[in-house]
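Since the structure comes first, as structure tokens, the remarks are kept for the end.
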């Protein structure tokens, strides 16, 4: 298990064509912290997460993960670093006609050669399968290990995606709107599961959410984004209802 990785964004700028998405953006999250990102569509939440796993390069500024500036890393070291960043995508990115175990094993592809990856799918090692089963027990669906993913419920699929990210043994766990497609009760259960596992394992966790109630309930630090800027960065008990309302209603005036 890795210890949690700190990350920092310094004067980061991102633009899609003429539209700026992040404006001289600064943010520091310390080792082992759990933070929630709130804000309307277009606020920059997904962009921030994509910067952290290097799916996106900034137009200006710097992104540091585990004390390393991503711009300074050669491709081999960048690949190694990215293999330690777990990402639960909003669309989950599971392969529906593969088994649960195969989808979770794919979390190790960044650490293995092509031949090792092929062998892992054709003849998985006993140790790998035992680890997959252990993770499925942690996320609450151990009996689904050899089930095809397209036969699972939406909530079960989300747990598979979480287990796949954990199979990477990450130092940093990112999740982009991981509960947007399930009902409120299942959403709360999954967010609690993610935060509990991250705390138990000492991971640094950064989650974007569309539901302020979940952020305020489960995270010790909540960051409000609007139009590519930080509006507030506080403990949940310090955030007022007015601040939450303004976070979303004023975004209309910003053209978001």
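Derivation of every value follows stated rules applied to the coordinates shown; laboratory data play no part. Predicted model only: the values in this text are computed from it and were never measured. Here the Cβ is made from the backbone with ideal geometry for all residues, glycine too, and neighbour counts use every protein chain on show.
Spin-label model, residue 15/residue 69: points 7 Å from Cα along the beta carbon direction are separated by 2.2 nm. Say each of residue 89 and residue 196 gets a label point 7 Å from the Cα, pointing the same way as Cα to Cβ; how far apart are those two points in nm? So the two model labels end up 2.8 nm from each other. Listed from fewest to most Cβ neighbours within 10 Å, the set 62, 198, 34, 41 follows the order 41, 62, 34, 198. Taken as Cα centroids, segment 138-209 and segment 14-64 sit 22 Å apart, rounded to the nearest whole angstrom. The overall shape of segment 129-192, judged from the alpha-carbon gyration tensor, is oblate: a/c is not under 1.5, and a/b is no greater than b/c. Taking each residue as 0.36 nm, the span from residue 126 to residue 59 lengthens on full extension beyond its C-alpha to C-alpha distance by 19.6 nm. Dividing the summed helix terms, -39500 (n - 2.57) for each DSSP H run of n ≥ 4, by the number of residues in the chain produces a 222 nm estimate of -11000 deg cm²/dmol to the nearest 500. The slack in the chain from residue 23 to residue 133, taken as 0.36 nm per residue of separation less the alpha-carbon distance, amounts to 35.2 nm. Here the extension length gained between residue 8 and residue 183 equals 59.7 nm, from 0.36 nm per residue of separation less the Cα-Cα distance. Which percent, nearest 5, of DSSP beta bridges in the chain are antiparallel? Just about 55 percent of them are antiparallel. Here the relative contact order of the chain, from alpha carbon pairs under 8 Å that lie six or more residues apart, stands at 30 percent.
As a proxy for reagent exposure, 46, 28, 204, 126 were ordered by neighbouring Cβ count within 10 angstrom, fewest first; the result is 126, 28, 46, 204.
Pull out a ≥ b ≥ c, the square roots of the eigenvalues of the alpha-carbon gyration tensor of segment 136-256, then state rounded if a/c is under 1.5, prolate if not and a/b is larger than b/c, and oblate in the remaining case. Spell out each step's value before the answer.
Values: a/c = 2.37, a/b = 1.85, b/c = 1.28.
Because a/c hits 1.5 or more and a/b exceeds b/c, segment 136-256 counts as prolate.
Kirkwood hydrodynamic radius of segment 1-66, from the reciprocal of the average inverse Cα-Cα distance over all distinct pairs: 12.5 Å.
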